[in-house]
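The values are calculated or read from the model by the stated rules, or taken from the named source; none is laboratory data. Small disclaimer: the values here were computed from a predicted structure and weren't measured. Cβ sites come from the backbone with ideal geometry, for glycine too, and all protein chains shown count toward neighbours. These accessible areas exclude ligands, DNA and RNA; they are computed on the full protein's heavy atoms, side chains included. Shrake-Rupley method; radii C 1.70, N 1.55, O 1.52, S 1.80 Å.
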Amino acid sequence: MSLSLLSQKRLFINGVETNVFAEPDAKLSEVLREQLNLTGTKVGCGEGQCGACSVILNGKVVRSCITKMKRVSELSQIITIEGVGEPGNLHPLQKAWALHGAAQCGFCSPGFIVSAKGLLDVNDSPTRDDIRQWFQKHRNACRCTGYKPLVDAVMAAAEVMRGDAPEESLEFKMPEDGRIWGSYYPRPTAVAKVTGTLDYGADLGLKLPDNMLHVALVQAEVHHANIISIDTSKAEGMPGVAAVLTAADVKGKNRIFGLVQSSYHKGDGWERPIINDTKVFQYGDVLAMVCAETREEAEAAAKEVHVELELLPAYLSAPEAMAEDAMEIHPGTPNVYFTQPLIKGDDTAPIFKQDDVAVVEGDFISSRQPHMPIEPDVAFAFMGDDDLLHIHSKSIAVHLHAFMIAEGMGLTPDKIALAANPMGGTFGYKLSPTSEALVGVAAMATGRPCLLRYSYFQQMTYTGKRSPFYINARMAADKKTGRLLAMEHDYSVDHGPYCEMGSVLTSRGIQFIGAGYDIPNIRGMGRTVCTNHAWGAAFRGFGGVQSVFAGETLIDEMARELGQDPLEFRYVNCYREGATTPTGATPDVIALPQLLDALRPKYKEAKERTARESTDEIKKGVGIAVGVYGAGADGVDTAEVFIQYDSDNGVTLGCSWEDHGQGADIGAVGTTHEALLPMGIPVEKIRFSWPDSAKQPPAGPAGASRSQVVVGSALNAACKAMMDALKKPDGTFMTYDEAVSAEKPTRFEGSYSSMGSVCDPETGLGTPFVNCMYTIYLSEVSVEIATGKVKVDRVSCVADLGSINNRLAVDGQIYGCIAQGIGLALSEDFEDIKKHSTMIGAGFPYIESIPDDMEIEYFENNLREHGPFGASGAGEGPMVNPHMSVINAIRDACGARIYRLPATPERVLEALKS
Ligand code: MCN
Ligand code: FES
Ligand code: FES
């Protein structure tokens, strides 16, 4: 047994003298969180790269995850978020954070607020640049907000603290008409987020009883292999070990269902093991799990599990896995397991041969963008006294996940209560089950609560990624009229080894390459390819991002080929009455001409500015990109919810709208408030509840930007049912007590189904989305010609997302998408496991790479027929094209055309040469 040597120190934590007993090498973050219960300090990367764990130590902002206790001297003064302010007594920074929508998922908020306090303690009048430099220096990273709202919040708080603005300027002012729809009402969870009192998964894990076991994974460090043997005997005898589990301990089929529905899909969808039994399919696959009393004991024992493997060839890209001599990764299923053709209009081959036709063509490779939420994956499970297996995780699809994992664990979905914890961002990776089945198996095998926290390395290497598309595409346009005539494409999707959502993703190519433009004739083919790189997961702008890369490059190049202005060429060809989408559908609204009209003056100004400021060393340019994306899942998309009338005449929302951080709380509360306006229920009495598959009916996943539209419509239906039942003859509504006395119901159900049709498997034609989001971005960039380094100077967005429920939420969605789009364009990747398995290594965009100069203009006159109060979605539409405005701006600045993402300095230099 290892000796634990402690040192005792007297510290002043948040002004209170506290005796702390800790090992000299213990991390300050762990002591604060695990010994002193100060869980407001969050741990993200655990490696000094995200600043989530920031505290003030003797007047200096430090990252507590890399601060060892031996460096914390006796009588040190430490300020954590708990010492900054608390609910009911908020610090101006915390008020400003809530008011400016600076807390989306909120996981980074305590660290940022503490860091900002550190700045204001030494500089009470910072400029925006001072603030940006401070956050850069202290490595405060945010994946949700695009940073601008954070700088706004610090500026506003500083003004109040200096006495230059009244304290009330940090309070939301209720609109006079009492409506919050369309307002900047701060989200209901904001106060908990900015005070660090919201418990995320790791915080809840600390609240589990003492008999809780920690799970450590034994994972493959190769990409493809046969499993020969696994020896657990030594690990089983290690201190604190309660169980070492292998595939043999999984009670059911030991597979996670990959949601295969179509007979056109080869393979049955049951390829993904919970614990791998016969083969390793990708780096990180789980070979065994150790459950032990402490995390350290579990990890120590996991190192002693011995695995014998027979290495197989690793196919780390679609072309490699498609090679003729490549073996089947899942024996019996070809590596190309799904194809989706598109046949629209006339045969395209003759059109491309005509003399009066201009043709542009390109080969594109998009990146394996990692999601990089600040909070790494975390889950726990326990057997409940209700005879259910309770699993708490970052699930954004609670009912779907129960269904996907149940059979593999030997259960039926109704025996699982899958709950979504407050979470620190997912951006779609959590549309896949990650650790749910693992903790479920561990709890079933040991009979004890089991907790699994991924390290950031595990987050990077063992969660899904954006699937790279390999696209060849060409477009033809009439040289005289400048009208698009035809398009052809052929693309392969590297979806990693597991098929979940692979076919849906592949269909996105036919739906969105060329979307936004009236292209009458198209021939295309997409295919899904099984490889041994990281499995493909949903990622914001799923398939749209890759499609727009090809589509908006060709559009831009075609404008040049025809000698036309890129904006005007788009204006001529974009959707108008009579146009059809790539899959032959009628656009839900005609939005793009209006957006381009609005952009034109900004574009002209930007062109003049970049021409004026460009030098031989630093070339400046302007890029435009059009984006269209569906709000809702393909075809018929359904949600069920209920509303409970509470005894204080408020309501509790029974909807499983999962909150990644996008704002399910304000989405559901804002929609319900608007729907129940005639009843006049105050917004504070409309209660969001955290999703749990055992407590709420299936509202469907918080994916596909569907929730505002589909779940919002179901909530609206429930509200109508409530008002119909409770309306009195005089037009007023019964109170709860009156309803009970009159034996009226107090629970009201609502459901909604959208009316799309999935694309035909043989022609690709169909109307998969009846409600779409439209955005156009304009970016200005500077390219350093000597190095190939690109800086984004300014971004404007014009957007038609229908009627807007909450402006703070939607502004935040767009700013966040801009930041992720810049990362996608310039730096982010997950190709090389060694290099790309940390935030910095994978090219995470910190504040210095995101411009402060961002503006958004909304157009709300196109009320959506299929959406509550005319709303469309907001989560993903704004993500499909910001990267392309940057890539097109690079081309405009210096002539370098990028065909492979990201546009690293090396690739820009290479493109400049060619
Ligand atoms: N909204 C609105 N008015 C509209 C449309 C939307 O106020 N007309 C608001 C909604 O109320 C909600 C937000 O905008 O607060 C996004 O709504 P919606 O587009 O319906 O998307 P979902 O709620 O279904 O959220 C999922 C979507 C997706 S698919 C990903 S991925 C994503 C995203 O949202 N991941 C996110 N945004 C994210 N934002 C954060 N901070 N973190 C993530 O992981
Ligand atoms: Fe400490 Fe990331 S810097 S958790
Ligand atoms: Fe910053 Fe989510 S709000 S990471």
Sorted list, accessible surface of protein heavy atoms, 1.4 Å probe, largest first, for Phe830, Phe12 is Phe12, Phe830
Computed label-point distance, nm, for sites Arg162 and Leu677 using a 7 Å Cα→Cβ extension = 4.0 nm
The chain - percent relative contact order, Cα under 8 Å, separation 6 or more = 13 percent
Difference of contour (0.36 nm per residue) and Cα-Cα distance, Ile618 to Lys728 | 32.6 nm
Segment Thr339-Gln133, length gained on full extension (0.36 nm per residue, minus Cα span) = 69.3 nm
Part-to-part distance (alpha-carbon centres) for region 537-555 and region 874-900, which is given in Å | 10 Å
In sequence order, what are the phi-derived ³J(HN,Hα) couplings for region 181-192 according to the Karplus relation 6.51 cos²θ - 1.76 cosθ + 1.60 with θ = phi - 60°, rounded to whole Hz, with x for glycine and proline?
-> 4, x, 9, 9, 4, x, 5, x, 8, 4, 4, 5
Surface accessible to a 1.4 Å probe, per residue, for the residues of region 396-437, Å² = 20 Å²
Charge dipole magnitude, Cβ of K and R +1, D and E -1 - the chain, Cα centre, debye nearest 20 = 1080 debye
Euclidean distance of C-alpha centroids, region 722-764 and region 155-203, integer Å | 31 Å
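Restricting to Cα pairs below 8 Å that are 6+ residues apart, what does the relative contact order work out to for region 460-575? Please round to a whole percent.
It comes to 33 percent, rounded to a whole number.
Sequence gap at least 6, Cα distance under 8 Å: using those rules, report the relative contact order of region 544-658 to the nearest whole percent.
15 percent.
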Give me the accessible area per residue for region 520-667, probe 1.4 Å, as a whole number in Å².
-> 28 Å²
Spin-label point model (7 Å from Cα, Cβ direction): what's the Lys602 to Asp231 distance in nm?
-> 6.4 nm
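Report the calculated FRET efficiency for Met327 and Glu577 (r = Cβ-Cβ distance, R0 = 41 Å), to the nearest 0.05.
Details: r = 52 Å, r/R0 = 1.28.
Working from the Cβ atoms, E equals 0.20.
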Cα-based convex hull, the chain, per residue volume (Å³, whole number) = 170 Å³
Subtracting the Cα-Cα distance of Asn472 and Met155 from 0.36 nm times their residue separation yields 109.4 nm
Using a probe of 1.4 angstrom, how much of the accessible area of the chain is carbon and sulfur, in percent?
-> 51 percent
Accessible-area value, Ile66, 1.4 Å probe, nucleic acids and ligands omitted, Å² = 80 Å²
The answer for Val307, listing residues at least 5 apart or on another chain whose modeled amide H is closer than 5 Å to its amide H, is Asp231
If r is the Cβ-Cβ distance from Glu831 to Asp760 and R0 is 30 Å, what FRET efficiency results, to the nearest 0.05?
-> 0.30
Between the alpha carbon centres of region 336-372 and region 285-318 the gap in Å comes to 41 Å
Where region 128-266 is the region considered: accessible area per residue in Å², 1.4 Å probe | 45 Å²
Tell me, what ³J(HN,Hα) does each residue in region 615-626 have, in order and in whole Hz, if you take phi through Karplus 6.51 cos²θ - 1.76 cosθ + 1.60 with θ = phi - 60° and put x for Gly and Pro?
-> 10, 5, 7, 10, 9, 10, x, 10, x, 10, 8, 9
Under a 1.4 angstrom probe, counting protein chains only, how are Glu17, Glu749 ranked by accessible area, largest first?
-> Glu749, Glu17
What is the local net charge at Val241, summed over the other residues whose Cβ is closer than 15 Å to its Cβ (Lys, Arg +1; Asp, Glu -1)?
-> -4
Summing -39500 (n - 2.57) over the DSSP H runs of n ≥ 4 in the chain and dividing by its residue number, what mean residue ellipticity at 222 nm do you reach, to the nearest 500 deg cm²/dmol?
-> -8000 deg cm²/dmol
Lys607 accessible area, 1.4 Å probe, all protein chains in place, Å² to nearest 10 | 70 Å²
Once Lys and Arg are counted +1 and Asp and Glu -1 for all other residues with Cβ under 14 Å from that of Glu304, the total becomes -3
Obtain the nm distance between the two label points defined at Lys480 and Gln261 by a simple spin-label model: each point lies 7 Å from its Cα along the Cα-to-C-beta direction.
-> 4.7 nm
For Ala534, what is the net charge nearby, where nearby means another residue's Cβ is under 10 Å from its Cβ and Lys, Arg count +1, Asp, Glu -1?
-> +1
